[in-house]
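Novice: Have a look at this one.
The values are calculated or read from the model by the stated rules, or taken from the named source; none is laboratory data. Keep in mind the model is a prediction, meaning the values are calculated, not measured. For neighbour counting, all protein chains shown are included, and Cβ atoms are generated from backbone atoms with ideal geometry for every residue, glycine included. Note: areas computed on protein heavy atoms with side chains; ligands, DNA, RNA excluded. Shrake-Rupley method; radii C 1.70, N 1.55, O 1.52, S 1.80 Å.
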Amino acid sequence: MLLAGLAVLAPVLSLLVLAVQGSPGHWTHLLDHVLPHAFVQTVILLAGVGVLSAALGVGGAWLVTAYDFPGRTTLSWALMLPLAVPTYIVAYAYLDILHPIGPVQGAVRWVLGYDSPRDFRLPDLRNLPGAILLMGFVLYPYVYLTTRSMFATQAASLIEASRLLGHGPRSTFFRVVLPLARPALAVGLSLVLLETLNDIGASEFLGIQTLTVSVYTTWISRSDLAGAAQIALLMLCLVIALIAAERQGRRRLRYSAGRRAHPLQPRPLHGAAAWLAALLAAAPIVVGFLVPAAYLLEQTVGRLLQEGPPSAQLLHAGLNTVGISLVAMLITLFLGLVVAWSAHIMVRPQPWQRALPRLATLGYALPGTVLAIGLLFPVTAMDHGLAWLRDHLGLESMRLVLMGSPLVLAVAYAIRFLTISVGSIEAGLMRVAPSMEQAARLLNETLNGTLRRVHLPLLKPALATAALLVFVDSMKELSATLLLRPMNFETLATWLYGEAARGTYEEGAIAALGIVLAGLVPLIALARLQQQTHHGHHA
């Protein structure tokens, strides 16, 4: 457990060292030419995506919880589908769909009677409003999931009391429902903002100079590692501020409903109101999932029919993606099991021991670019240590063994997604009956024997869930992969990034479709779980 905590802390400390090592001239240049614009762009993007995601997520959750209308059951799980599509894939798809000479703008011009893009074209998507719109429609499910769970368990008596006091549906929603959901909203919104801050592909495709994009361009394009570390340090401060705001919001907003409270029963809608509700609930699914998924499928089928099987390089990138994601999954599961089980068996832990599990799960809050720069120093130091050891043992010396191999990517993924593994295994351990552990102790079973014979068999569902989520998230990760991958090592995410940069969309669509299909697997499992939970509340 100590090792896992140090693995997360090491990149943060390394980042501080790299940032401090930069000369004062670096700070002056950044403050004059880079940070003001990038910081303002980032804050506006975070604010815009946060507001749009909150509106779509809360609105969708309340619609499918409080009202009954055609397609409600299907829409209640379909509203999660945009989570299967990373932000950079949605940006990639819509840039081609809404291209001035593309089919959508061509159809609009035909309807309006224009012949050429010079005569009429829709507003360009490559700007801040376009980025806010696309990212909001992809990330809102984080808010939807958290607030939907809160709405589904709210006491109907509170809503009924509000109505008896003369408040209409709108007043009840804003005065009773929304305040009760604010803790869940704070959690969902913090996830949205962390994902927005981590994004690099969508922002770069859409021409937004965020702090994340600035880190990448400063390091890769200008070979200025100290400057990139200083920008990453500012991003880390932003992350800390976001987490502090979320924790403070949850601490001040705690509500409890009675144990015997009846859950809210959906009110039937009829006629135009019913179809309007269905249309409003379906709109985010269409924009955030159906349109980009249909585009990727059409492009992939067209490419395969015209030019045959995918290129060998793309297939190799697919194998790289699966291989490195599997390695990261195994490392993450092992560390997650160590952290969660160690915390579970501690009888009277010291304060520092209680803090270690929480420290080990902070990696998810680190944007990929921040994590990548933070890993440079410790990994390079380990490489030099290995080289010194080989020199003294008389073995053939090879520099940068770790930095020159995909293993560093697996380590970065494991640090970033360890919180998924720990959370899932902790939840599984909480379901193990204390009587089973007591029986093992009475039979003089050792701790390792109890883990092997009691805990592990009961943890299989939790381990499977964690393995699936970590594997898919590793497949989708772009920002850390771009900065840490070895030379000539491509994953599906970096292949798509390169194709988009070159403007060659057909092969990129195949890579994007592979990532989306992989992302659908855990979502389908989550949707089934949500349906079972929902039916359980109304049983």
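Novice: Looking at the range 108-130, which of the residues that are open to solvent by less than 50 Å² (accessible area, probe 1.4 Å) and assigned to a helix (DSSP H, G or I) is farthest from Gly201 (Cα to Cα)?
Specialist: The selected residue is Arg109.
Novice: A further question on this structure: I'm trying to understand the selection: among the residues of the range 415-455, which are within 30 Å of Asn320 (Cα to Cα) and either among the basic types (Lys, Arg) or without any contact (Cβ under 8 Å) to a residue 40 or more places away in the chain (or both)?
Specialist: Answer for the range 415-455, where residues must be within 30 Å of Asn320 (Cα to Cα) and either among the basic types (Lys, Arg) or without any contact (Cβ under 8 Å) to a residue 40 or more places away in the chain (or both): just Arg416.
Novice: Hey, among the residues in the range 131-144 that are open to solvent by less than 10 Å² (accessible area, probe 1.4 Å) and of a type in the set (Val, Ile, Thr), which one's nearest to Asp199 (Cα to Cα)?
Specialist: Val138
Novice: Given the criterion open to solvent by less than 30 Å² (accessible area, probe 1.4 Å) and within 22 Å of Leu191 (Cβ to Cβ), identify the matching residue among Leu52, Leu63, Leu81, Leu95.
Specialist: Step by step, each of Leu52, Leu63, Leu81, Leu95 is checked, and only Leu81 is open to solvent by less than 30 Å² (accessible area, probe 1.4 Å) and within 22 Å of Leu191 (Cβ to Cβ).
Novice: Looking at the range 195-210, which of its residues are part of a loop (DSSP other than H, G, I, E, B) and open to solvent by less than 20 Å² (accessible area, probe 1.4 Å)?
Specialist: Answer for the range 195-210, where residues must be part of a loop (DSSP other than H, G, I, E, B) and open to solvent by less than 20 Å² (accessible area, probe 1.4 Å): Asp199, Ile200, Leu206, Ile208, Thr210.
Novice: Here are some residues: Leu356, Leu389, Leu376, Leu333. Which one is among the aliphatic types (A, V, I, L, M), part of a helix (DSSP H, G or I), modelled with pLDDT of 85 or more and at negative phi?
Specialist: Just one listed residue meets the conditions, Leu333.
Novice: So how many residues does the range 506-530 have that are open to solvent by 40 Å² or more (accessible area, probe 1.4 Å) and either farther than 30 Å from Thr65 by Cβ or modelled with pLDDT under 85 (or both)? Show your work before the answer.
Specialist: Going through the range 506-530, the residues open to solvent by 40 Å² or more (accessible area, probe 1.4 Å) turn out to be 506, 517, 521, 524-526, 528-530.
With the extra rule that they be either farther than 30 Å from Thr65 by Cβ or modelled with pLDDT under 85 (or both), the set shrinks to 506, 521, 524-526, 528-530.
The total comes to 8.
Novice: Okay, next question. Residue by residue through the range 405-425, note down the ones that are more than 20 Å from the chain's Cα centre (by Cα) and either modelled with pLDDT under 75 or not hydrophobic (A, V, I, L, M, F, W, C) (or both). Steps first, answer last, please.
Specialist: Residues of the range 405-425 that are more than 20 Å from the chain's Cα centre (by Cα), as a first pass: 405-408.
The answer is Ser405, Pro406.
Novice: Those residues that are among the acidic types (Asp, Glu), more than 25 Å from Ala365 (Cβ to Cβ) and open to solvent by less than 40 Å² (accessible area, probe 1.4 Å), I need them from the range 474-505; list them, please.
Specialist: Within the range 474-505, just Glu499 meets the criteria.
Residue-by-condition table, conditions (1) open to solvent by less than 20 Å² (accessible area, probe 1.4 Å); (2) assigned to a helix (DSSP H, G or I):
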residue: Gln265; (1), (2): no, no
residue: Ala278; (1), (2): yes, yes
residue: Ala317; (1), (2): yes, yes
residue: Ser325; (1), (2): yes, yes
residue: His344; (1), (2): no, yes
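Novice: Quick check on my filter: what residues within the range 11-29 are in a helix (DSSP H, G or I), open to solvent by less than 80 Å² (accessible area, probe 1.4 Å), touching a Gly at 6+ places or on another chain (Cβ under 9 Å) and at pLDDT below 75?
Specialist: Residue satisfying the conditions is His26 alone.
Novice: Condition first: hydroxyl-bearing (Ser, Thr, Tyr), assigned to a helix (DSSP H, G or I) and open to solvent by 10 Å² or more (accessible area, probe 1.4 Å). Now tell me which residues in the range 405-449 satisfy that. Please lay out each step first, then the result.
Specialist: Looking only at the range 405-449, we keep the residues that are hydroxyl-bearing (Ser, Thr, Tyr), and these are 405, 413, 419, 421, 424, 435, 446.
Filter again for assigned to a helix (DSSP H, G or I), leaving 413, 419, 421, 424, 435.
Matches in the range 405-449: Thr419, Ser424, Ser435.
Novice: Could you pull out the residue among Val192, Val213, Val187 that is closer than 25 Å to Val64 by Cβ, open to solvent by less than 30 Å² (accessible area, probe 1.4 Å) and assigned to a helix (DSSP H, G or I)? Please lay out each step first, then the result.
Specialist: Values: Val213 fails: closer than 25 Å to Val64 by Cβ; Val187 fails: open to solvent by less than 30 Å² (accessible area, probe 1.4 Å).
Going through Val192, Val213, Val187 in turn, the sole match is Val192.
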